[in-house]
Amino acid sequence: MEILDGKKVSNQIKEEITVKVAKMKQRGEKVPHLAAVLVGNDGASLTYVGSKVRSCKKIGFESTLIHLPEETTQEELLKQVDQLNNDPDIDGYIVQLPLPKHIDEEKVLMAVDPDKDVDGFHPTNFGKMALDMETFISATPFGIMELLKRYQIETEGKHTVVIGRSHIVGRPISILMSQKGNPGNSTVTLAHSRTKNLKELTLQADIVISALGVPKFLKADMVKDDVTIIDVGITRVPDETREKGYYITGDVDYENVSKKASYITPVPGGVGPMTIAMLLKNTLLARERHNAQ
Ligand code: GUN
């Protein structure tokens, strides 16, 4: 069994970007500038956004955190989005999800300028991704593809079972894994909450990508020997004995499934760090595209 070390690979990617940014600076060019909009005080979102902004600083990007109160109206948020769209200093930005319930997420994501949509959530960018066109690919599926690529995992002709059909992970990764290319060329089954006999499907899988958010859902008796496991789940489980009051766990019963797997991503330290690295990569791409315009 080999661990797919997302932390190590993400550090490699960040180093590669750092070198590029240093060269941009040397040439007197503007460095990439990422902005993040966070509405409210959701604990996990605060951690993720904080981590994204810290990573920017480390690699030489400019970054701006726009932290708005929970009571922010949809209109106010749309105004903020419009400002970011029109700010020539900002190369790319994200609106951290989930948004408070009184805000229509779809409306906000639709308002983001696709050229600055480094999350790849805008329908224009999602559509381009589905059509194999150059675009911003959402950070989590992009990170999974990059991890598979750098570990040279064979995906061609393999049966990949994706669990979860979210717009951010399950749906896009199912498309990417089935596309022509390497990684890609996989036969994909997209399973979800209405799927019957999930175990029958996962037992046939060469690769399982789980993006469900249910701790330790995937058990050892649900997978075959030598399977490749990509665990996208990041759930906070309350635990008084821990300093933070919780621990992080994935969708996979790691202790037992890892004994059968040929490759597996740990949680934490697998897909999570890759997501941040690919967001930074998209922001660099946005800067390069703006330079070329
Ligand atoms: N919430 C969970 N994952 C993501 C992500 O990749 N981007 C944004 N904007 N919000 C998220």
With Cα coordinates, the longest principal axis of the chain makes an angle with the long axis of helix 74-86, in degrees rounded to 10, of 70
Per the rule of 0.36 nm per residue minus the C-alpha distance, extending residue 154 to residue 131 adds in nm 6.0 nm
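Looking at the range 107-230 only, what percent of DSSP beta bridges run antiparallel? Nearest 5 please. Could you put the intermediate results ahead of the total?
Numbers: 0 of 12 bridges.
Among the beta bridges of the range 107-230, antiparallel pairing accounts for roughly 0 percent.
If I take every Cα pair under 8 Å that is 6 or more residues apart in the range 181-293, average their sequence separation and divide by the length, what percent do I get for the relative contact order? It would help to have the intermediate numbers written out before the result.
Values: 163 pairs, mean separation 25.5, N = 113.
For the range 181-293, the relative contact order is 23 percent.
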If each part is reduced to its alpha-carbon centroid, the range 1-77 and the range 195-258 end up apart, in Å, by 27
Residue span residue 67 to residue 51: 0.36 nm per residue of separation minus Cα-Cα distance leaves a gain in nm of 4.3 nm
Exposure proxy check on 180, 219, 116: fewest-to-most Cβ neighbours within 10 Å is 180, 219, 116
Restricting to lysines and to Cα separations under 24 Å from residue 259, and discarding same-chain partners fewer than 8 apart, the set is 7, 8, 149, 158, 199, 216, 219, 224
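Is the chain best put as rounded, prolate or oblate by its Cα gyration tensor, with a ≥ b ≥ c the root eigenvalues, rounded for a/c under 1.5, and otherwise prolate when a/b is larger than b/c, oblate when not? Walk me through the intermediate numbers first.
Details: a/c = 1.65, a/b = 1.44, b/c = 1.14.
Because a/c hits 1.5 or more and a/b exceeds b/c, the chain counts as prolate.
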FRET efficiency for residue 7 and residue 226 from the Cβ-Cβ distance with R0 = 22 Å, rounded to 0.05, comes out at 0.35
Rounded to the nearest 10, the angle in degrees between the Cα long axis of helix 139-150 and the longest principal axis of the Cα atoms of the chain comes to 60
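Sorted by packing (mean other beta-carbon atoms within 10 Å per residue), highest first, where do 11-19, 265-273 land?
Packing order, densest peptide first, comes out as 265-273, 11-19.
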Note: residue 199 to residue 44 extended length (0.36 nm per residue) minus current alpha-carbon separation gives 52.8 nm
per DSSP, antiparallel bridges as share of beta bridges in the chain, % nearest 5, sits at 10
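Starting with the fewest neighbours, write out 65, 38 ranked by other beta-carbon atoms found within 10 Å of each beta-carbon. Spell out each step's value before the answer.
On the way: 65 15, 38 21.
Listing 65, 38 from fewest to most nearby Cβ atoms yields 65, 38.
Using Cα pairs closer than 8 Å and at least 6 residues apart in sequence, work out the relative contact order for the chain, in percent. Please list the in-between numbers first.
Working: 565 pairs, mean separation 61.5, N = 293.
Taking the mean separation of contacting Cα pairs over the length of the chain, I get 21 percent.
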If one compares the long axis through the Cα atoms of helix 6-26 with the longest principal axis of the Cα atoms of the chain, the angle in degrees, nearest 10, works out at 20
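Values in this text are rule-based calculations from the coordinates and carry no lab data. Since this is a predicted model, take the numbers as computed values, not measurements. In this analysis, Cβ positions are derived from the backbone assuming ideal geometry, glycine residues included, and neighbour counts consider all displayed protein chains.
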